[in-house]
Structure formats: structure tokens, C-alpha cells
Amino acid sequence: MCDASDYAVGVVLLQRVDMKPHGVYYVSHTRNEAHLNYSMTKKEFLAVIFGFEKLHPQLIRSHVSIHTHHAVLKHLFSKKDGKPRLLR
């Protein structure tokens, strides 16, 4: 699960045990002043990227689902022919 604000990014790696999510790892990061000018879509997407970068060793050879509440990212991830330029 990923979330972003103007000032911080938070990521939680969850594992299902008996179909119930349990937190395994938590990482967060405060943003610098340059990120204040980013659009909310870019901030949310950077939260996803940050999560993959920080939790990479735990994600190797695993099936991963990304959960975010940002509607634009949900739409972009669901597109089969999405172009990287859409994310700018």
C-alpha cells in the first residue's frame, strides 16, 4: 500500500495470512522542496517507485499487488497500451 502527501511518502508491505493483511515492512521518507511542485499524480507514482526501490529484496520472486487510492494511477495501471509519457 502506498500513499503520498506534499511532505512525505509512506509504503507498507502487507502479507496475507488466512486472507487477512498483516504489515511486514513499513518505510517512509520526507520529501524535499523540489517535490512540492509535482502534481498529485506524480507524487503518488513516486510513492510506488519508492516502495519498489526500498523493498526490492523482499519482493523478488513474489506476486505483488499495488494498492493506492489515487484514481488516476489506478486508471494508468489498468491501461494495456499505456505510454510512459502519460505519467509526466
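Couple of notes before you dig in:
- Remark: the MET1-HIS29 segment gains 8.6 nm on full extension, using 0.36 nm per residue and subtracting the alpha carbon distance.
- Here VAL17 and ARG61 are evaluated by their C-beta separation; at R0 = 25 Å the FRET efficiency comes out at 0.85.
Every read-out reported here was derived from the displayed coordinates using simple, explicitly stated rules and does not represent laboratory data. Since the model is a prediction, treat every value here as computed from it, not as a measurement. Virtual Cβ from ideal backbone geometry, glycine too; neighbours counted across all protein chains shown.
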